[in-house]
Structure formats: C-alpha cells, structure tokens
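Here's the structure we're looking at; comments come further down.
Values quoted throughout were computed directly from the atomic coordinates according to the rules given, and no laboratory measurement underlies them. Quick caveat, the model's predicted, so the values are computed rather than measured. Methodologically, a virtual Cβ is constructed for each residue, glycine included, from the backbone with ideal geometry; neighbour enumeration extends over all protein chains shown.
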Amino acid sequence: MAKPRDDRAWVLVLPVLLLVAFSALIPMMTVVNYSVQDSFGNNQFFWNGTGWFRELLDPATELGGRFFDALWRTLLFSALCLLIEIPLGIAVALTLPRRGWGVAVSLVVLALPLLIPWNVVGTIWQVFARRDIGLLGAAVNGLGIDYNYAQDPLAAWVTVVAMDVWHWTSLVVLLCYAGLRAIPDAYYQAAKVDGAGAWAVFRAIQLPKLRRVLTIAVLLRFMDSFMIYTEPFVVTGGGPGNATTFLSIDLVKLALGQFDLGKAAAMSIVYNLIILTVCWVFFATTTRGQSEAVQGTAQGAGR
Amino acid sequence: MARIAFDRLAHAYAGGGGYALKPMDMVWEDAGAYALLGPSGCGKTTLLNIVSGLIHPSAGRVLFDGIDVTALPTERRNVAQVFQFPVVYDTMTVRENLAFPLRNRGVPAVAARARVEHVAGLLGLARDLDRRARNLGADEKQKISLGRGLVRDDVAAILFDEPLTVIDPHLKWELRSRLKELHRQVPVTMIYVTHDQTEALTFADRVVVMSEGEVLQIGTPEALFDRPSHRFVGHFIGSPGMNFLPCTVIGDAALLPGGERIALPRAYPVLQGRVELGIRPEFASLAPAGSQAGLPARLQRVEDLGRRRIARLDLAGQPFAATLPEGMPVPSEPRVALDPARLHVYADGRLTVGEG
C-alpha cells in the first residue's frame, strides 16, 4: 500500500529546523567564518584564508606552540584519568554487594559525586586541598610532605587528577555494576564446577561480559576528560604558570581573554575534529568485534 | 567415579516455606545412568545442586564413596554439571574452553592437550577445536559444557540440569543418543534432570520420580510403567497416564461405587484411607460390540495418536482412558475389558501389595 503523500508536512518540521539553525548551525558557521578572518576592534575583519590553521598546526609558531602544549597536557590528563578510573571502577564494582540492603546504600553513596554541579566540585576541592585551611592540604603538609597546588605543578596535577577520579569513578562503577548484574548465575556456577578461582572467573567471564559497558565507559570518560574545563578552572585557573592549562582553558583565554576570535575559532574547530575523530576510531574498532559476534550467533542459530 | 549416597538429607531454603527436599536416604550407584524426573518445582534442581555442592543441605550428609563431602565446596568435589542454558567462555576457542577446568587445576599442558583432543573426538567436536566458542550453535555449546566435565579423568559424576531445553527438537534426539553412547564408553555416574518423560525413559537405566520434594519411586523404565509405586508416578509416566477408580476392596475383589465387582489377581487385607484401583490405558481395552464382558461406560471422544487410538470414557462417573483396538469400529455402547494381571490397588496414593 502506497503511503499518502502531502508536501505540506514539511511545514511541521520547520520549528525544529529553526531551533537547530539558531542553536547549532548559525553559531557553528559563525565560528567557521571567524576562523578564516583576522579581527580587530571596532568590528573590523580582514580575510586571512587558511592562515590561522597553518599557524595553529605548526609548533614553531607562537600559536602552534601553545596549542600543541595544551593538546599534550589534555591528552596526558585524559590518559591518567582513564588509567586510574577504569581499573578502579571495575574493582569497586566487583566488591559491591549483589543483594541485600547494602545495594541501595552503595548505589546512593556512589551517585552522590555525580549529582554535584561541576563548579561546586571545583570549589570543594579548591578548599579541601588548600595548605592553610583545607583538610587534605593541611593534613598532607602536616605529614611533612610539601604540598601546594598553587605553586607546584606536580601538586596541581595530582589535585586535578584526584578531583576527576573522585568525581567520575562512580560513573564507571555504576556502568560496570549494571554489566556484572546482567551475567546469569549459571556462568558463576559453571566456573565453580570448573574449579576457576576469582582471577580466572574475572578473565573468562566478567571481563568479556563487561566489554560492552566498558566501551561506553571509556568513550564517555575520554570525551568528558578531554573537554574538561570547569573544575580545573575553579581549582587552579590553569596554573601554576600554564601547568594545568588544558585545551578548553587555553581556548577561553584566547577567545575571551585576548579576544583573538580568528585564532580561537580555528583552534576550536581543530579541537572539535580531534574529539570526533578519536571517538569514531575508538567506537569503530571496539564495535567491529561485536558485530562479528552477532553474525556468528546468527550463523550458529541458522545451522 | 563414585557411589553417591544421601544420609538423612533434607533441605529448606532460607526464608521459610517448609522443606524443598523432605528428609531422604538414597544411593546413586557408581556408573549408573539416572534420570531425575518430576514436574517443575518438585526439588529436582535443588537435589542436583546439593550433589554438586552449589547448595549446602540444611540437614543430613552427602557421601562420595563413603567419604563425607557435605562441607566441601563445588570446586573440590570432582563433579561436572551441564546447565539448562549453554555456558561457554565467549572469548575462548573450543579448545581453550575444554582445557579451562584442567588449566584451573594445574594439569600440565601436554597432558591437557591430549585429554582435550580425546574428549573432542568423543563429542564430535574435533573439527571445531580452533573455532571461537561463541560462534557455535546452542547444541554445540551444550556439547562444550559436557566436554568440560568429561576432560577431567577424576570426575565422580556428571550432572545434567535439563540440558536440552534450548536445543532444536531434531537435534535433541541426536544429542540424547550421543549421551547414551557416551555413557557406554565412559562409565561415569550420570544424573539427568528433566520434566520430559521421553527424555528420562530413553536416557536412563534408572528413573527417579520426584514430587513436592519427595522421591516417590526409583526404578527401571519398565518398573515405573508396570508397577508404579505411587499414584503420582502412574499418572505422571505414560501418555495418557494411569487410570484411577475409587473403589472398596474386600479380599480379592474390588467393588466400584456403581456396584460392579472386579476380580483382583491377589487378595488384600483390610485397607484404610482412600482406596483406588489403578490400571494403565494400555491394559484396558474396549470390548467388541455385542460382548457382555467388561464394565459399561460412556464414550466421550476418541483420540488418534497415530500408532494407536485412545477412547476417552466416563466410567462410573470417573474419566477413564482405554485402548481402542486396531480395526475395531467405535462402539455405540462401549464396555471396557481390564487385564486382571495389570490391576493395582492404591491406598491413600501408595501401591498396596496383596498376598498370593
């Protein structure tokens, strides 16, 4: 049966189109427009072509130098976050109770950091880690360790990474916990019958069954940590010096501090493309194995 | 390989609800092929999990060759178990799956390899050894589960928990006969839980019939058919199941409520409780038209089962199934002839043995 066709239906799509145009398309095209121009005060713009992009991608220039410095810092930050949060999240999820009153209590406690507004997380840690009045900072200094995140780059990094772990490990835990709960009891019983110890159970059953949720967890944590802005901005403001100036912070400095709209626009486009590319590559490689598995099951069922 | 014995074994799950398994003494002979048959929720799986140690019984002892293993955890009991839904380790090949129990027990790689290949040959998995286990069909996954039990040469018993539930009907037959064949080659105690009497009767040398947490009868398929020791067994085994007629037994005769007198092969003492006469439809047949022998009944319908026809009757107010002999036209005033040698008397559901 042919579906009835009425071109007036396009009118119904119009509100959405307008909304998307104002919220996404027009701002984005404005950025693209800025990225090929040089701006001066008084709203004067001069055509610059691909100049900003060439400068940005050349580490020898001032712009390229600060861009690549910030990019490596951000990548290092993301890598540290993933390396700590993913194993820690799995480990915590494995130790959570499977039934009883402990389940609800643990889940609520774990969800708490996720519910706190990001700038509040930053403020909490900004105070918590202060060497004069912060519980953590004062305690660490009391132990005789010189810790001052406002002056020492290493201390600043430790603080920012610890804050991210505190804030986001819960997300990994909750995802893994859901994945673990979905494993049927028969697997554990079979493993017992096969004499498998805890490590063998983890390798043979739990880790493979967690693959799907871990893919999501890694993807979410990479994107979020790669785009992090609020918390380090509140705690360190990008310092000391430029030690914790991540790409997003650098971008804001460039756009709103120096008001270099052309450079900032070029940087934000490249920044955006990096995130998209990394996510796509990651997603494509991790889901390829799974689609093979689905085909395999279909073949198996067909025989 | 082992002789498994239950000593005053009973189990009640936490949270009340009474016994899941009522106190029992039982022996599973070494190298026997047992089927544990009963309706859903009768305690079959509980019993199986007690043997494997996944459940610890609330009372009594489990003995393997006379050694008390009640407190031993599953991994130290040398039992293998095949579950209802196939469990394979997804990321491993068939070979690694089969070697998994050996690797966990620290068997040297060379010995493990030989064992795995031997078992794969037994199960017809030799060609699939290097395939990924998750790409196989449900029947092959079940073979892998079974194989993980067989690779251990010290295995005391292999337990099957309704293993053919998710297998296609035409493959069920093949797997069942392979299992039977396997039992001949590898004489190890096998306990097979099922609620399907065909599966139970074709697989097992001895069938254990359970109902409501109680073992009602242990016997060969023939014994269960010929002399069901409990009303439930008679009803549950056979299709259709045994007929039961309430009656009064005096000496060697049974009186039906309608006044008909049926001669019994044996004399019985005075019986207490609800007394019933039991006979299988196979031994009750419709008499030819015009015959005055047998009991009058009302015909309700005839079921054609292919190989034979079953007449559904109303006999003295009770539903009754009888065989309609081959070639006989459906009679208008049916009478049922009972084979006297096949009549059994049940008092309060239990078989009563007469004298003589």
Original post:
If you take all C-alpha pairs in the range B:158-232, what percent of them are over 19 Å apart?
Top reply: 37
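Please compute the contact order of the range B:4-236 in relative form: average sequence separation of alpha-carbon pairs under 8 Å and at least six residues apart, divided by the residue count, as a percent.
Values: 439 pairs, mean separation 66.0, N = 233.
Reported relative contact order: 28 percent.
Can you give the % of DSSP beta bridges in the protein assembly as shown that are antiparallel, to the nearest 5? Let's see the in-between values first.
Details: 60 of 79 bridges.
Looking only at bridges with both residues in the protein assembly as shown, the antiparallel portion is about 75 percent.
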Subject >> Cα point-scatterer Debye curve for the range A:51-286, base-10 log of I(q)/I(0) at q = 0.12 Å⁻¹ >> reply: -0.80
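Nearest-5 percent of antiparallel DSSP beta bridges in the range B:4-236? Don't jump to the answer; show the numbers that get you there.
Working: 18 of 36 bridges.
So the antiparallel bridges amount to about 50 percent of the total.
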Original post:
B:Lys141: which aspartates and glutamates have alpha carbons under 15 Å from its alpha carbon, excluding same-chain residues fewer than 8 sequence positions away?
Top reply: B:Asp90, B:Glu96, B:Asp128, B:Asp130, B:Asp161, B:Glu162, B:Asp168, B:Glu174
Original post:
Along the charge dipole of the range B:4-236, which of B:Gly32, B:Ile67, B:Ala111 sits closest to the positive end, that is, farthest toward it, with unit charges on the beta carbon of Lys, Arg, Asp and Glu (+1, +1, -1, -1)?
Top reply: B:Ala111
Subject >> Low-density loop positions, chymotrypsin sites (Phe, Trp or Tyr not before Pro), the range A:44-109 - DSSP coil, at most 14 other Cβ in 10 Å >> reply: none
**OP:** Give the value in nm², to one decimal: projected area of the alpha carbon convex hull of the range A:1-158, averaged over all directions.
**Re:** 21.5
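Taking Cα atoms of the range B:1-66, Rg/Rh with Kirkwood Rh, to two decimals? Walk me through the numbers on the way to the answer.
Working: Rg = 11.9 Å, Rh = 12.4 Å.
Here the Rg-to-Rh quotient is 0.96.
What Kirkwood radius, in Å to one decimal, follows from the Cα pairs of the range A:131-267? Can you show the working numbers first?
Details: mean 1/r = 0.0542 Å⁻¹.
Radius from the Kirkwood sum: 18.4 Å.
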Subject >> Spin-label pair B:Asp7/B:Arg308, simplified geometry with 7 Å Cα→Cβ offset, distance in nm >> reply: 4.5
Subject >> Angle between chain B longest axis and helix B:94-104 axis [Cα atoms, degrees, rounded to 10] >> reply: 80
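If the limit is 25 Å between Cα atoms, which of B:Lys22/B:Lys172; B:Lys22/B:Lys180; B:Lys44/B:Lys180; B:Lys22/B:Lys143 go over it?
Values: B:Lys22/B:Lys172 32 Å; B:Lys22/B:Lys180 30 Å; B:Lys44/B:Lys180 21 Å; B:Lys22/B:Lys143 33 Å.
Listed pairs above 25 Å: B:Lys22/B:Lys172; B:Lys22/B:Lys180; B:Lys22/B:Lys143.
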Original post:
Which three extents, in whole angstrom, do the alpha-carbon atoms of the range B:248-318 cover along their principal axes, largest first?
Top reply: 42, 25, 22
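Net charge within 13 Å of B:Val345 by Cβ-Cβ distance, Lys/Arg positive one each and Asp/Glu negative one each, not counting B:Val345 itself? Intermediate values should be presented prior to the final figure.
Working: positive: B:Arg227, B:Arg231, B:Arg266, B:Arg274, B:Arg342, B:Arg350; negative: B:Asp252, B:Glu276, B:Asp348, B:Glu355.
Net local charge, B:Val345 excluded: +2.
Order of B:141-153, A:162-174 by packing, highest average Cβ count within 10 Å first? Can you show the working numbers first?
Numbers: B:141-153: 23.7, A:162-174: 21.5.
Sorting B:141-153, A:162-174 by mean packing, highest first, produces B:141-153, A:162-174.
Let me know the Kirkwood hydrodynamic radius for the protein assembly as shown, please, with Cα pairs as the basis and the value in Å to one decimal. Don't skip to the answer; put the middle values down first.
On the way: mean 1/r = 0.0312 Å⁻¹.
The answer is 32.0 Å.
Just to be sure I understand: if I project the alpha-carbon convex hull of chain B onto a plane and average over all orientations, what area do I get in nm²? Can you show the working numbers first?
Values: hull surface 86.5 nm².
Mean projected area for chain B: 21.6 nm², to one decimal.
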Subject >> C-alpha long axis of helix B:109-123 to longest principal axis of chain B, angle in ° >> reply: 30
Subject >> Inter-site label distance for A:Asn272 and A:Val32 at 7 Å from Cα along Cβ, in nm >> reply: 0.9
**OP:** May I ask you to list the residues of the range B:308-332 whose amide nitrogen lies under 19 Å from a point 7 Å from Cα along the Cα→beta-carbon direction of B:Ser291?
**Re:** B:308-316, B:320-332
Original post:
Could you state the principal axis extents of the C-alpha atoms in the range B:197-313, from the largest down, to the nearest angstrom?
Top reply: 44, 41, 23
Original post:
Once the principal axes of the Cα atoms of the range A:1-54 are found, what is the range along each, listed largest first in whole angstroms?
Top reply: 59, 25, 13
Subject >> Cβ neighbours within 10 Å from other chains - mean over A:159-166 >> reply: 0
Subject >> Shielding of A:193-206 by partner chains, average beta-carbon count, 10 Å >> reply: 6
Subject >> In Hz, Karplus ³J(HN,Hα) per residue of the range A:64-69 (6.51, -1.76, 1.60; θ = phi - 60°; x = Gly, Pro) >> reply: x, x, 5, 5, 5, 4
Subject >> Theoretical FRET efficiency, 1/(1+(r/R0)^6), r = Cβ-Cβ of A:Ala21 and A:Ala162, R0 41 Å, to 0.05 >> reply: 0.45
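Using Stokes-Einstein with the Kirkwood hydrodynamic radius over Cα pairs, what translational diffusion coefficient do you get for the range A:57-118 at 20 °C and a viscosity of 1.002 mPa s, in µm²/s rounded to a whole number? Could the numbers behind the result be given before it?
Values: Rh = 15.0 Å.
Result for D is 143 µm²/s.
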